[in-house]
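Enquirer: Pasting a structure below so you can have a look.
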Amino acid sequence: GSAGAGGAGARTARRVVVAGLPALAALLAGGCTVLGGNPEPRQWHRLEDLAGRGPAPGPAIPRTLLVEMVSTSALQDGNALVFSREPGVFAHYRYADWAEPPGRRLAVLVERRLDARGRFRAVGQSTSGLAGDLLLRVGLEEFFHDASTDPGTARLALDADLIDWRTRTRVARRRFVRSEALASADAAGAAAALSRALTSALDELAPW
């Protein structure tokens with residue numbers, strides 16, 4: 001009888017433990033809040049073109065230019081802000097993200113920069129439905145905080161192909177590589193330096 005009672009007690013204890021697991025998980029998910037501290041607030045950073053975008057001198061180009069981003073790395077498909085402490089090994093900032101995926105944001109900034117120059121008849125995204133004469137296909141090859149030194153460096157590499165869309169032939173191809181030193185070894189410093197690197201690359205890409 002006592003053995004039976006002991007078995008029932010053990011089963012009851014197991015049920016209590018199992019029932020309590022969700023509550024325990026919730027407490028652990030709260031992290032520092034449960035332990036009496038404050039969790040670090042999540043931050044969202046916006047990639048920006050920091051340059052002025054006035055009209056560019058030169059004759060008008062009576063063609064419609066379409067911009068298309070090409071996904072070259074799974075690292076750039078999401079919103080994560082990426083850093084690396086050793087070659088070939090990457091990680092995400094835990095409490096910091098981009099407000100939108102870098103590739104998608106970059107497509108918008110390239111379109112705005114080229115449209116503001118006023119040289120083309122029209123500039124739009126390849127998905128806009130415009131009938132294009134030229135296609136600028138841009139691949140984001142590198143876009144991360146190189147944290148192998150302190151405070152680190154923002155690394156950016158773009159591959160651009162200009163294509164005659166009517167004949168499906170390549171007109172020109174070029175790679176744009178930039179690096180910018182961080183002002184601080186954190187996500188905010190990385191985001192700011194990556195915006196500066198992008199701005200410098202667009203300063204060269206737009207006239208090209």
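Just so you know, all these numbers are worked out from the coordinates, no wet-lab data involved. In this text the structure is predicted, and so the values were computed from the model without any measurement.
Enquirer: Normalised by the empirical 2.2 N^0.38 Å for globular proteins, what value does the Cα Rg of the stretch 76-139 take?
Expert: Rg over 2.2 N^0.38 Å, computed on Cα atoms: 1.48.
Enquirer: What are the extents of the Cα atoms of the stretch 79-208 along their three principal axes, in Å, largest first?
Expert: 48, 25, 23
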